[in-house]
Amino acid sequence: MNNFSTNRERYYLVMRPISEDMDEAEEYMERLREVTGIDHITLRQRVTGSAPRVLKTGTGEVELKDMAREIKRDGLKCAVIKKSDIKGGGRPRKAASVELLSKSLRLLGNDREPLVTIDASSSTLIVLASTDYERLNSKRLARKALNKAASISKEEVVQFIFRHSPVMDIYTDGSAEAVRVYGSRFNFTSLAEEMREAASLNFETLFKKIGKAAGSAMIETGFGET
């Protein structure tokens with residue numbers, strides 16, 4: 001009887017791209033090849049672009065974490081993620097309004113049920129995206145066509161998202177599910193005296209309020225750009 005289990009947990013070594021320009025990433029190639037064992041051509045494809053990429057997968061958590069540690073020593077950003085954590089997250093819960101408190105805030109559902117409270121104890125990941133991301137990609141390609149070395153800065157991406165059908169997913173430590181804010185489906189009157197006339201400005205205000213209330217906040221825009 002074969003006792004080998006096929007249900008071993010899988011892990012992803014995820015890395016933030018070095019650059020959109022392959023030439024700029026070249027200086028890291030040999031070191032990354034030594035650490036990961038991935039061939040040069042494959043590495044070039046996986047470490048360039050604008051969105052986080054899966055660099056390597058496997059069932060050996062310790063091995064991948066050792067690789068991540070070595071990669072971080074060269075100033076590159078990466079993390080090891082368990083596959084079941086991604087699959088088990090479920091669909092984001094949709095926020096409809098916000099309750100602003102003196103040093104924190106609560107995002108509320110359609111029936112004003114609290115979905116998440118963000119305060120100084122919260123470690124928060126804010127993922128910004130646009131449902132009109134094809135226009136952003138067209139803008140990036142047009143700029144590249146004019147100047148190969150040109151790229152769109154993160155600040156430009158963020159401002160584009162604010163103005164074009166923005167969506168924001170908020171992940172906090174201790175919660176398995178994200179809370180999602182659609183710019184077109186959120187009751188911004190809940191911002192009270194801080195509400196502005198333009199919807200894009202209200203979305204930006206809410207974004208800044210969440211970042212200010214959280215103990216630590218990381219912003220990611222790559223997921224909505226590809």
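The values are calculated or read from the model by the stated rules, or taken from the named source; none is laboratory data. Note that this is a predicted model, so its numbers are computed, not measured. Because the Cβ atoms are built from the backbone with ideal geometry, glycine has one as well, and the counts that use them run over all protein chains shown. Just so you know, the surface numbers come from the protein's heavy atoms only, side chains and all, with ligands and any DNA or RNA stripped out. Shrake-Rupley method; radii C 1.70, N 1.55, O 1.52, S 1.80 Å.
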Only one residue in ARG73, ARG69 is open to solvent by 60 Å² or more (accessible area, probe 1.4 Å), out of contact with any Pro (no Cβ under 6 Å at 6 or more places or on another chain), under 25 Å from LYS154 (Cβ atoms) and without any contact (Cβ under 8 Å) to a residue 60 or more places away in the chain, so which one is that? ARG73
Within the range 101-125, track down each residue that is touching a residue at least 60 places away in the same chain (Cβ under 8 Å), surrounded by fewer than 19 Cβ atoms within 10 Å (Cβ to Cβ) and out of contact with any helix residue (DSSP H, G or I) (no Cβ under 9 Å at 6 or more places or on another chain). SER121, SER123, LEU125
Under 6 Å by Cβ, and 6 or more places apart or on different chains, what pairs join a residue from the range 195-215 that is of a type in the set (Lys, Arg) with one that is in a helix (DSSP H, G or I)? ARG196/ASN202
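Being assigned to a loop (DSSP other than H, G, I, E, B) and open to solvent by less than 50 Å² (accessible area, probe 1.4 Å) is the filter here; which residues of the range 163-184 pass it? Give the derivation first.
Start the filter on the range 163-184 by keeping residues that are assigned to a loop (DSSP other than H, G, I, E, B), which leaves 164-165, 173-178, 183-184.
Listed by number, the residues that qualify are HIS164, SER175, ALA178, GLY183.
Against the definition (at pLDDT 90 or above, at negative phi, part of a helix (DSSP H, G or I) and open to solvent by 40 Å² or more (accessible area, probe 1.4 Å)), how does LYS144 come out, yes or no?
Values: at pLDDT 90 or above: no; at negative phi: yes; part of a helix (DSSP H, G or I): yes; open to solvent by 40 Å² or more (accessible area, probe 1.4 Å): yes.
No: the conditions fail for LYS144.
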Cβ-Cβ below 9 Å, separation at least six or inter-chain, first residue in the range 162-181 and at positive phi, second open to solvent by 60 Å² or more (accessible area, probe 1.4 Å) and assigned to a loop (DSSP other than H, G, I, E, B): which pairs? SER165/THR131; SER165/SER184
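I'd like to check something: does the range 197-216 contain any residue that is at positive phi and either open to solvent by 50 Å² or more (accessible area, probe 1.4 Å) or not in a strand (DSSP E or B) (or both)?
Initially, the range 197-216 is screened for residues at positive phi, giving none.
No, the range 197-216 contains no residue that is at positive phi and either open to solvent by 50 Å² or more (accessible area, probe 1.4 Å) or not in a strand (DSSP E or B) (or both).
Report, by residue number, each residue of the range 21-54 that is among the hydroxyl-bearing types (Ser, Thr, Tyr) and touching a residue at least 12 places away in the same chain (Cβ under 8 Å).
Residues of the range 21-54 among the hydroxyl-bearing types (Ser, Thr, Tyr): 28, 36, 42, 48, 50.
TYR28, THR36, THR48, SER50 - these are the residues of the range 21-54 that are among the hydroxyl-bearing types (Ser, Thr, Tyr) and touching a residue at least 12 places away in the same chain (Cβ under 8 Å).
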Restricting to the range 83-100, and then to whatever is at pLDDT below 95 and part of a loop (DSSP other than H, G, I, E, B), can you tell me which residue is least open to solvent (accessible area, probe 1.4 Å)? GLY89
Report yes if some residue within the range 19-39 is closer than 23 Å to ILE81 by Cα and at pLDDT below 90; otherwise report no. yes
Suppose the filter is modelled with pLDDT under 95, touching a Pro at 6+ places or on another chain (Cβ under 8 Å) and open to solvent by less than 70 Å² (accessible area, probe 1.4 Å); does VAL80 pass it? no
